[in-house]
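Below is one structure; the comments refer to it alone.
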Number of protein chains: 2
Amino acid sequence: MWVSIRTNIRVAAAAMTSLNDALQTALRGGAVSGLFTVAMSLLGVGGLFAALSAMAPAGVSQAEWAQDIPFLIVGYGFGASFVALFAQLGGGIYTKAADVGADLVGKVEAGIPEDDPRNPAVIADLVGDNVGDCAGRGADLFESTAAENIGAMILGVLLFKSFGINGILFPLVIMALGLICSIVGVMVVKTKEDADPMKALNFGYYVTAALVTVVFFFASRTLLQVADAPDAWWHYFLCGVIGIVTSILFVFITQYYTEYRYRPVLSIAEASQTGPATNIIAGLAVGMESTVLPVITIGIAIISSYSLGQSSGLVNDAGVAIGGLFGTAVATMGMLGTAGYILAMDVFGPITDNAGGIVEMSRQPESVRDKTDRLDSVGNTTKALTKGYAIGSAALAAFLLFSAYLDEVRNLTGQTLRVDLSKPVVFVAGLMGAMLVFWFSSLAMTAVRKAASSVITEVRRQFRERPGIMQGTEEPDYAACVDIVTVGALKAMILPGALVVLFPIVIGVVFKRFGGPGEYMGAESVAALLMVATITGILMAGFLNNGGGAWDNAKKYIETGAYGGKRSEAHKAAVVGDTVGDPFKDTAGPSLHVLIKLLATITLVLAPLFI
Amino acid sequence: MWVSIRTNIRVAAAAMTSLNDALQTALRGGAVSGLFTVAMSLLGVGGLFAALSAMAPAGVSQAEWAQDIPFLIVGYGFGASFVALFAQLGGGIYTKAADVGADLVGKVEAGIPEDDPRNPAVIADLVGDNVGDCAGRGADLFESTAAENIGAMILGVLLFKSFGINGILFPLVIMALGLICSIVGVMVVKTKEDADPMKALNFGYYVTAALVTVVFFFASRTLLQVADAPDAWWHYFLCGVIGIVTSILFVFITQYYTEYRYRPVLSIAEASQTGPATNIIAGLAVGMESTVLPVITIGIAIISSYSLGQSSGLVNDAGVAIGGLFGTAVATMGMLGTAGYILAMDVFGPITDNAGGIVEMSRQPESVRDKTDRLDSVGNTTKALTKGYAIGSAALAAFLLFSAYLDEVRNLTGQTLRVDLSKPVVFVAGLMGAMLVFWFSSLAMTAVRKAASSVITEVRRQFRERPGIMQGTEEPDYAACVDIVTVGALKAMILPGALVVLFPIVIGVVFKRFGGPGEYMGAESVAALLMVATITGILMAGFLNNGGGAWDNAKKYIETGAYGGKRSEAHKAAVVGDTVGDPFKDTAGPSLHVLIKLLATITLVLAPLFI
């Protein structure tokens, strides 16, 4: 956040000389914050590992102790998830409550333009943009990398016999080298004055992906080459490639569903001609449809990386193949290898958005404004991309975290846990998991609506009690609105936050009673809850994110002049869709990413409770 | 449909004498059609059982043959599901496409009132009401009773050692006696002139439920009392009571979320003040929240009836308790015991709706119109109730049909199948199942939008080419609109219909390859797909049905004068929500009920393919 605020003005200044300068400044500003986030997460996990390594208890060999460490670091992942939930959910509620509240009372009731300084909620709205987009997404990817590194390390423990400590350290090595690849990717981005800046950003992404592939090749060959499974290293290298390809496909699919060059957004714009109702129906249908291709991609990625891992030649003492889950872990690492670059692109969005605002307010010539406008529209796309990428990596990593949980249960009980949905109790737990996702989404959207209505009440009060505001003779009390929206967001966060933490605990502790001796029904029920909630959460998040993004760009498409352009009936209908989409794509959807991972880490940390 | 059309006019005539006469006429008209549907379903299953009983192959004893019959009748359930899908989905698309199309071009563009005879689409709209509501819901409950009877009979086969043929016949006996209870329930309904007709209908429902409880007591004691498990009969009697209580709770919960006496609908009405966008957000949030209590109810019902069944004292040769699943089956029977009465209440809805139209058109005095209006608003509630009941029974029955599938797989392979979500391939199949629900919902909503737009094009063409229509001098071509919406609905049905049938087959056949020898990965994957699709489908259907119903009644509440009443801005916003809710509650939601059951029967019939 600190970085992005300071970069805004530099981008505005750079836009006065050339598009290339502006693009590079914005992206590098984003990169500072993006790479910092990933690096901090890596330092946290790596530092804890190093610190704990030095603290082996007496009588435990260094090798044995190294196998215990990943289970101890789990608490770090849980802490990161917990903070991320509040950053993402609270930030999302904050930004959208301020946005919706300021717009409804300002534009609709008082008839003053958007971002007019007479609107007492305008400062809260601007603050919200940074709180939600930068802090929220940063916290999301921070905990993603943390949780997934830990999950992969736990799977590495399983293969300790074959790989030794290399298997545990492999994820950290990949992440560290991936950061360097991202830096190179950011450095090579440049654009001509008249070219599409998105192409330049995509080029930088391909360079990063290609470099990560090379890194994977050497890291696999160095760390994962062992005598008793000579094929293992290249099997895992291919798993990494699967992860990289998956992330590229997710970027393409998200673009297809949220850019107005393609059918989905155009169908929403077309439906806007017959009013807000058909616009909403079309947007909901596009959002639901947009889950199909990502799920198929993830399905293929999970199965193929698992199969490659299984056939790697790694076997346990009984001769059974055990490398499969590590294969999905490596694919996740491949997907997360480009996280630094993706996050740089994400922060690029708010930076260009605010740079445009600065250019506008400081009355620069048309040509400068044109440059920042082009960068701003690219920024909208990159923001949507990051969400697609985040949900993709959450889906791929889900399996990693389940496996970590199942391992933890095996360590505690000495039994391999199955998660058998055909048992009625387990099925009911799964049903509860899916319900949790619907409940949480409902609470997140209601929270936005309620916090927005408290903003509306305050703005109305100020307008009524101090008539000088509307005449421009009196300054509105901006601070009161900031306070209200802050308190509102914090209050609205309590119920969904408590729900996520308490629900799995209650299910685990209550359902424990239904099992016979040696059945571990509590642990099995929690696993079913976790898995079905993850499945439903992935779909619901995709639906909410892409639906919201598609509505936003359908409105933008109409603003380019289609179907009557601005001020037409179609545009009014599209604005309704856009407003509905706001809590979809900026509050409920991204909070579900965190929900999925928080459920995974909370069950992992509290596993002993359920046994 | 035939019955309901003929009853309309009698209700209109009866309303001229008294409210009680009108109520009784409408309910009994509904009962003829409702009881006929359930009776036909029962006759089909019972008749097939009787016919097949007489055809035991040479060398197979009558007792052994009776155990095979339920598996043979499965094809009947599949056929019923298949027809129901087309009746429900096609009917839903038909009715809403005609409705949305007629309204948008007539009310919005041409500025003529709703149901104005100058609108060429008005006949298609009126036809659609009957097609969607009566035919669709009837087909839905027809196949529900068929599929669930067959599922329960299959579970009865498992207990053949204890109960003999009684266990197989028990479901049929309960359904037959339940029909008689429903008839009594319908007969006792009467109301005073100034009382709330809903209370009278609820009283009839309680009478039916009480009678079904008595029937359960005697049927369990007669058919399920066996020497080696003396407690079994009253355990199963309690399971039946659980089912009856569940159905009553579902009726209450649906009322809470869709009637404007309670908080959820009021919150939507309140949000309408700030425009259509907040109305939509509030409606979506209410729809999502409305899944919570039903899921908890179903969870408790499944676990408690399963536990009661497990502790019934029935054991297999190895001494393991095996009566649990039959317990959930009996609970489902309890829930379906009142199906006749529920369906009578459902058909009551369109009858009173059309009776109101007849009274309006034939210019009856205000007092008569007032009576039919009161019945009409009750009819809206009963229509919502049936959907809640249908999804509740689908959820409870889901387990029945899974178990039938697992039994079929055991019969084919000789192994008990687990559905272990912790296997990556099985997890991916589950993910695909959830995705199928989102995809199907998207297709259903898009189908409505597309068919509606073909209606709009046709109406615009007629207005343009034949200007006499608007002046009232020329009769519009009603038939052309009926044709277009029929063809449109049939065409739009192809893709979602094919998807439901082909998707599980493709998954089963492809995923079969991923298993090692003796793993039956195809069958296990299909089971996971079925179960997760059922979970997601239950939630999505609840979300769509209740959200749609809540929007509808929020609009009705504003029409009573709240927030400015008709023609206010709040009312306009509420109309947008209502229009979005139409394909939710009348197309996508009810079609999902059928989707769930069709998936179950299709996998059951095609189980040999997946092995």
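Mind telling me which of the residues A:15, A:102 ends up being modelled with pLDDT under 80 and within 30 Å of residue B:279 (Cβ to Cβ)?
Only one candidate passes the filter, namely A:102.
Among B:30, B:79, B:47, B:59, which is the only one that is touching a Leu at 6+ places or on another chain (Cβ under 9 Å) and not acidic (Asp, Glu)? Explain how you work it out, then say what you get.
Numbers: B:79 fails: touching a Leu at 6+ places or on another chain (Cβ under 9 Å); B:47 fails: touching a Leu at 6+ places or on another chain (Cβ under 9 Å); B:59 fails: touching a Leu at 6+ places or on another chain (Cβ under 9 Å).
Only one candidate passes the filter, namely B:30.
Within region B:384-406, take every residue that is open to solvent by 10 Å² or more (accessible area, probe 1.4 Å) and either within 13 Å of another protein chain (Cβ to nearest Cβ) or not in a helix (DSSP H, G or I) (or both) and give me the one that is farthest from residue A:423 (Cα to Cα). Outline the logic, then answer.
Within region B:384-406, the first condition is being open to solvent by 10 Å² or more (accessible area, probe 1.4 Å), and the residues that meet it are B:384, B:387, B:391, B:406.
The next check asks that each one be either within 13 Å of another protein chain (Cβ to nearest Cβ) or not in a helix (DSSP H, G or I) (or both); those that pass are B:391, B:406.
Numbers: B:391: 21, B:406: 11 Å.
Here the residue is B:391.
Within the bounds of region A:522-542, is there any residue that is without any contact (Cβ under 8 Å) to a residue 12 or more places away in the chain, within 11 Å of chain B (Cβ to nearest Cβ) and not β-branched (Val, Ile, Thr)? Steps first, answer last, please.
Of all residues in region A:522-542, those without any contact (Cβ under 8 Å) to a residue 12 or more places away in the chain come to none.
No.
Results for (1) surrounded by fewer than 24 Cβ atoms within 10 Å (Cβ to Cβ); (2) under 24 Å from the mean Cα position of the chain (by Cα); (3) in a helix (DSSP H, G or I), shown as yes or no for each residue.
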position	(1), (2), (3)
B:571	yes, no, yes
B:584	no, yes, yes
B:589	no, yes, yes
B:594	no, yes, yes
B:599	no, yes, yes
B:605	yes, yes, yes
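Assuming residue B:257 fulfils every condition listed in (1) in contact with a Pro (Cβ under 6 Å, 6 or more places away or on another chain); (2) at pLDDT below 85 apart from one, which condition is it?
Of everything listed in (1) in contact with a Pro (Cβ under 6 Å, 6 or more places away or on another chain); (2) at pLDDT below 85, residue B:257 misses just condition (2).
Would you call residue A:297 open to solvent by 10 Å² or more (accessible area, probe 1.4 Å), modelled with pLDDT of 80 or more and under 19 Å from the mean Cα position of the chain (by Cα)? Working first, answer last.
Values: open to solvent by 10 Å² or more (accessible area, probe 1.4 Å): yes; modelled with pLDDT of 80 or more: yes; under 19 Å from the mean Cα position of the chain (by Cα): yes.
Criteria met by residue A:297.
Would a scan of region A:421-439 turn up a residue that is outside any helix (DSSP H, G or I), within 8 Å of chain B (Cβ to nearest Cβ) and open to solvent by 10 Å² or more (accessible area, probe 1.4 Å)?
Within region A:421-439, the subset outside any helix (DSSP H, G or I) is A:421-423.
Next cut, within 8 Å of chain B (Cβ to nearest Cβ) only: A:421-422.
Next cut, open to solvent by 10 Å² or more (accessible area, probe 1.4 Å) only: A:422.
Checked region A:421-439: at least one residue is outside any helix (DSSP H, G or I), within 8 Å of chain B (Cβ to nearest Cβ) and open to solvent by 10 Å² or more (accessible area, probe 1.4 Å).
For region B:407-420, how many residues are part of a helix (DSSP H, G or I) and either facing chain A (nearest Cβ under 7 Å) or hydrophobic (A, V, I, L, M, F, W, C) (or both)?
First, the residues of region B:407-420 that are part of a helix (DSSP H, G or I): B:407-413.
Of the ones still in play, those that are also either facing chain A (nearest Cβ under 7 Å) or hydrophobic (A, V, I, L, M, F, W, C) (or both) are B:409, B:412.
Result for region B:407-420: 2.
Please count how many residues of region A:443-478 are touching a residue at least 40 places away in the same chain (Cβ under 8 Å) and more than 27 Å from the chain's Cα centre (by Cα).
15
Starting from region B:214-240, keep only residues that are charged (D, E, K, R), then list their pairs with residues that are modelled with pLDDT under 90 and surrounded by fewer than 16 Cβ atoms within 10 Å (Cβ to Cβ) whose Cβ atoms are within a distance under 6 Å, requiring at least 6 positions of separation or different chains.
The qualifying pairs are B:231/B:313.
On the given criteria, is residue A:353 more than 8 Å from every other protein chain (Cβ to nearest Cβ), buried (at least 24 other Cβ atoms within 10 Å of the Cβ) and among the charged types (D, E, K, R)?
Details: more than 8 Å from every other protein chain (Cβ to nearest Cβ): yes; buried (at least 24 other Cβ atoms within 10 Å of the Cβ): no; among the charged types (D, E, K, R): yes.
Taking the combined requirement at face value, the residue does not satisfy it.
Which residues, counting only those in region A:329-350, are closer than 20 Å to residue A:139 by Cα and within 14 Å of another protein chain (Cβ to nearest Cβ)? Let's see the steps before the verdict.
So the first thing to find is which residues in region A:329-350 are closer than 20 Å to residue A:139 by Cα, and the list is A:332-333, A:335-350.
A:332 - this is the single residue of region A:329-350 that is closer than 20 Å to residue A:139 by Cα and within 14 Å of another protein chain (Cβ to nearest Cβ).
Which residue is most open to solvent (accessible area, probe 1.4 Å), if the candidates are limited to region A:27-52 and must be small (Gly, Ala, Ser) and more than 15 Å from residue A:171 (Cα to Cα)? Full working, then the answer.
The initial filter retains those residues of region A:27-52 that are small (Gly, Ala, Ser), namely A:29-31, A:33-34, A:39, A:41, A:44, A:46-47, A:50-51.
In the following step, the residues that additionally are more than 15 Å from residue A:171 (Cα to Cα) were identified as A:29-31, A:33-34, A:51.
Details: A:29: 7, A:30: 0, A:31: 7, A:33: 23, A:34: 0, A:51: 49 Å².
Result: A:51.
Has region B:372-383 got any residue that is away from every other protein chain (no Cβ under 12 Å), assigned to a helix (DSSP H, G or I), under 27 Å from residue B:81 (Cβ atoms) and open to solvent by less than 10 Å² (accessible area, probe 1.4 Å)?
We begin by selecting, within region B:372-383, every residue away from every other protein chain (no Cβ under 12 Å); these are B:372-383.
Restricting the remaining residues to those that are assigned to a helix (DSSP H, G or I) gives B:372-383.
Subsequent filtering for residues that are under 27 Å from residue B:81 (Cβ atoms) retains B:382-383.
Then drop every residue that is not open to solvent by less than 10 Å² (accessible area, probe 1.4 Å), which leaves B:382.
Taking every residue of region B:372-383 in turn, at least one turns out to be away from every other protein chain (no Cβ under 12 Å), assigned to a helix (DSSP H, G or I), under 27 Å from residue B:81 (Cβ atoms) and open to solvent by less than 10 Å² (accessible area, probe 1.4 Å).
Looking at region A:320-328, is at least one residue within 14 Å of chain B (Cβ to nearest Cβ), farther than 25 Å from residue A:32 by Cα and under 22 Å from the mean Cα position of the chain (by Cα)? Walk me through how you get there before you give the answer.
First pass over region A:320-328, keeping only residues within 14 Å of chain B (Cβ to nearest Cβ): A:320-328.
Those still in the list that are farther than 25 Å from residue A:32 by Cα too: A:320-328.
Keeping just the survivors that are under 22 Å from the mean Cα position of the chain (by Cα) gives A:328.
Looking for residues that are within 14 Å of chain B (Cβ to nearest Cβ), farther than 25 Å from residue A:32 by Cα and under 22 Å from the mean Cα position of the chain (by Cα), one finds at least one in region A:320-328, hence yes.
Taking helices (runs of 4 or more DSSP H) that do not extend beyond region B:454-562, which have at least 2 residues that are closer than 30 Å to residue B:423 by Cα and open to solvent by less than 70 Å² (accessible area, probe 1.4 Å)? Give the steps one after another, and end with the answer.
On the way: elements: B:468-471, B:478-511, B:521-559.
Answer list for region B:454-562: B:478-511, B:521-559.
Being among the aliphatic types (A, V, I, L, M) and touching a Lys or Arg at 6+ places or on another chain (Cβ under 6 Å) is the requirement here; does residue A:359 meet it?
Numbers: among the aliphatic types (A, V, I, L, M): yes; touching a Lys or Arg at 6+ places or on another chain (Cβ under 6 Å): yes.
Yes; evaluated as a whole, the condition is true for this residue.
For the structure I just gave you, tell me whether residue A:232 is at pLDDT below 90 and either more than 10 Å from chain B (Cβ to nearest Cβ) or open to solvent by 20 Å² or more (accessible area, probe 1.4 Å) (or both). Walk me through it before giving the result.
Details: at pLDDT below 90: yes; either more than 10 Å from chain B (Cβ to nearest Cβ) or open to solvent by 20 Å² or more (accessible area, probe 1.4 Å) (or both): yes.
Yes.
So, in region A:268-290, exactly how many residues are within 25 Å of residue B:436 (Cα to Cα), more than 8 Å from every other protein chain (Cβ to nearest Cβ) and either aromatic (Phe, Trp, Tyr) or open to solvent by 10 Å² or more (accessible area, probe 1.4 Å) (or both)?
0
Any chance you could count how many residues in region B:440-453 are open to solvent by 10 Å² or more (accessible area, probe 1.4 Å), within 7 Å of chain A (Cβ to nearest Cβ) and either within 30 Å of residue A:397 (Cα to Cα) or among the small types (Gly, Ala, Ser) (or both)?
Number satisfying all stated conditions: 0.
Between a first residue in region B:296-319 that is more than 9 Å from chain A (Cβ to nearest Cβ) and of a type in the set (A, V, I, L, M, F, W, C) and a second residue that is open to solvent by 50 Å² or more (accessible area, probe 1.4 Å) and part of a helix (DSSP H, G or I), which pairs have beta carbons less than 9 Å apart while being 6 or more apart in sequence or on different chains?
Close Cβ pairs (under 9 Å, with a partner that is open to solvent by 50 Å² or more (accessible area, probe 1.4 Å) and part of a helix (DSSP H, G or I)) amount to B:301/B:245; B:301/B:249; B:308/B:238; B:314/B:161.
Applying the selection to region A:68-81, what residues are open to solvent by 50 Å² or more (accessible area, probe 1.4 Å) and not aromatic (Phe, Trp, Tyr)? Please lay out each step first, then the result.
Just the residues of region A:68-81 that are open to solvent by 50 Å² or more (accessible area, probe 1.4 Å), to begin with: A:68, A:72, A:76, A:78.
Across region A:68-81, the qualifying residues are A:68, A:72.
Kindly indicate whether any position in region B:131-154 is in contact with an Asp or Glu (Cβ under 7 Å, 6 or more places away or on another chain) and modelled with pLDDT of 75 or more. Can you show your working first?
Initially, region B:131-154 is screened for residues in contact with an Asp or Glu (Cβ under 7 Å, 6 or more places away or on another chain), giving B:132, B:137, B:154.
Then keep just the ones that are modelled with pLDDT of 75 or more; that gives B:154.
The answer is yes, given that some residue of region B:131-154 is in contact with an Asp or Glu (Cβ under 7 Å, 6 or more places away or on another chain) and modelled with pLDDT of 75 or more.
The values are calculated or read from the model by the stated rules, or taken from the named source; none is laboratory data. All of these numbers come straight from a predicted model, not from anything done at the bench. Because the Cβ atoms are built from the backbone with ideal geometry, glycine has one as well, and the counts that use them run over all protein chains shown. Note: accessible area is taken over every heavy atom of the protein model, side chains too, but ligands, DNA and RNA are not part of it. Shrake-Rupley method; radii C 1.70, N 1.55, O 1.52, S 1.80 Å.
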